[in-house]
1. Read phi for every residue in region 17-24 and hand back ³J(HN,Hα) as whole Hz from Karplus 6.51 cos²θ - 1.76 cosθ + 1.60, θ = phi - 60°, with x for Gly and Pro.
2. To the nearest 10 square angstrom, how much accessible area does D91 have with a 1.4 angstrom probe?
3. What ³J(HN,Hα) values, in whole Hz, does the Karplus curve 6.51 cos²θ - 1.76 cosθ + 1.60 give for region 92-100 when θ = phi - 60°, with x put for Gly and Pro?
4. Full extension from E73 to E38: what is 0.36 nm times the residue separation minus their Cα-Cα distance, to one decimal in nm?
5. Can you run phi through the Karplus equation (6.51, -1.76, 1.60; θ = phi - 60°) for region 56-72 and list ³J(HN,Hα) in whole Hz, with x for Gly and Pro?
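The values are calculated or read from the model by the stated rules, or taken from the named source; none is laboratory data. Every value quoted in this text rests on a predicted model; they were computed, and no experiment measured them. All accessible areas refer to the heavy atoms of the entire protein, side chains included, with ligands and DNA or RNA removed. Shrake-Rupley method; radii C 1.70, N 1.55, O 1.52, S 1.80 Å.
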Amino acid sequence: RNKTKLCAWCCFLLQSLVLQVAQTWLEKERKEREEAKEAYMAENCPPPDTSGDQATLMELCKKIHAAIDKIDEERYDIEAKVQKADKEIEDLKIKVVDLVGVKKPALKKVRMSADAMLKALLGSKHTVNMDLRANLKQVKKEVKEEPAEAVGDWRKNIEDKSGGREGRRVEVQVHH
């Protein structure tokens with residue numbers, strides 16, 4: 001029992017040490033990013049020279065506005081590229097789903113009357129009451145007379161007496 005408590009304590013100690021190391025790494029990365037940003041700004045964006053008369057300041061403002069316009073155009077172009085790439089990604093995701101195929105859920109077998117089925121298919125507007133027997137047309141069965149065999153196949157006699165399925169044919173005609 002003491003062994004497991006010691007292990008749990010050791011695990012806790014290791015986790016806290018790992019978190020401390022990770023925190024120092026994150027802090028170091030943050031400082032490096034700030035230094036890189038300051039170096040970039042010093043190189044590409046020197047502080048403006050505000051000494052001089054009004055004409056030089058107006059010229060400086062025009063240069064700054066031109067730089068802003070150029071950056072806005074680049075930003076717009078980059079946003080358009082990103083949107084195009086996002087659309088392509090969505091299209092590719094749809095293609096992947098189409099290629100893999102959507103798994104259909106297993107369907108349950110449901111007993112349903114003809115009226116309920118028509119109501120489900122046609123909607124609640126169409127109330128169709130069907131009397132299936134009224135719409136059936138009886139087709140006469142052709143009876144073949146065979147000589148009675150004293151010793152024959154007992155399965156055939158059973159089918160003949162029970163009126164096997166192949167002899168009965170029923171046509172269903174639905175009138176709209």
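1. With the stated coefficients, region 17-24 comes to 5, 4, 5, 5, 5, 5, 5, 5 Hz.
2. About 70 Å², rounded to the nearest 10.
3. With the stated coefficients, region 92-100 comes to 5, 4, 5, 5, 4, 4, 5, 5, 5 Hz.
4. Between E73 and E38, full extension yields 10.2 nm more.
5. 5, 5, 5, 5, 4, 4, 4, 4, 5, 5, 5, 5, 5, 4, 4, 5, 4
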